[in-house]
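Right, one structure below, let's go through it.
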Amino acid sequence: MTIQPDHDERMMRRALELAAAAASAGEAPVGAVIVDPASGQIIAEAHNQPIALCDPSAHAEILAMREASRRLSNYRLTGLTLYSTLEPCAMCAGAISHARIGRLVFGALDPKGGAVASGPRLFEQPTLHSRPTVEGGLLAEEAASLLKAFFRARRG
């Protein structure tokens, strides 16, 4: 199956739906979707849940990778595409590298906590064994608006 040109946008829109669900649950609105680019099928999806799970590592990307690994019975997610509404942090970027994700597509930049295009730029470090292809900025305004509205309401 050939991936259609609007596939990336559809997958990011799904990630945005998951981010909105996180916001409704009182979690920072970040969503992630993992897709097999060969078939176009969603393998796993998740939203932030560190509060609900009492787990500081329960970021959307980590939870999606855990689910994908369970479904595929493999800790290596070689060649899969991960869509995230927000630039991954250092923890998530490290896990993406360890999982051998083939492609990362993210929405909004995270100048404070991001580690891909901002901050340490983890994937540019020479010591990494695996680097995904990275594309940032897909539906960035929508993702950023969701985050801004969530934190504005929390500061109330």
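The values are calculated or read from the model by the stated rules, or taken from the named source; none is laboratory data. If you're wondering where the values come from, they're calculated on a predicted model, not measured in any experiment. Please note: Cβ atoms are built from the backbone with ideal geometry, for glycine as well, and neighbour counts cover all protein chains shown. We work out accessible area using only protein heavy atoms, side chains counted, and drop any ligands, DNA or RNA first. Shrake-Rupley method; radii C 1.70, N 1.55, O 1.52, S 1.80 Å.
By how many nm would the segment from Arg154 to Glu141 lengthen if fully extended, with 0.36 nm per residue of separation less the alpha-carbon distance?
Full-extension gain reported as 2.7 nm.
At 222 nm, what helix-only mean residue ellipticity would the chain give, in deg cm²/dmol to the nearest 500, using -39500 (n - 2.57) for each DSSP H run of four or more?
-12000 deg cm²/dmol
Just to be sure I understand the model, the point goes 7 Å from the Cα along the line to the Cβ. What's the resulting Ser118 to His98 distance in nm?
2.4
Measuring with a 1.4 Å probe in the full set of protein chains, what accessible area per residue, in whole Å², belongs to the range 93-156?
On the way: 3720 Å² over 64 residues.
I get 58 Å² per residue for the range 93-156.
Rounded to the nearest 5, what % of DSSP beta bridges with both residues in the range 15-156 are antiparallel?
Approximately 55 percent, going by the DSSP bridge assignments.
Please give, to one decimal in nm, the separation of the simple spin-label points placed at Ile42 and Ser57, each 7 Å out from Cα toward the Cβ.
2.5
If amide H atoms are built 1.01 Å from N in the plane of the peptide, which residues on other chains or at least 5 residues away come under 5 Å of the amide H of Gly79?
Gly102
What residue among Asp110, Asp36, Asp55 has the largest mean-square fluctuation in a Gaussian network model of the chain, using Cα springs under 10 Å?
For the chain, modelled as a Gaussian network with Cα springs under 10 Å, the answer is Asp55.
How high is the relative contact order of the chain, in percent, counting Cα pairs under 8 Å that sit 6 or more residues apart? Walk me through the numbers on the way to the answer.
On the way: 334 pairs, mean separation 29.8, N = 156.
Computed value for the chain: 19 percent relative contact order.
Of the candidates Pro132, Pro37, Pro56, which one comes out as most mobile in a Gaussian network treatment of the chain with C-alpha springs shorter than 10 Å?
Pro56
Expressed as a whole percentage, what fraction of the accessible surface of the chain belongs to carbon and sulfur atoms when a 1.4 Å probe is rolled over the protein heavy atoms?
54
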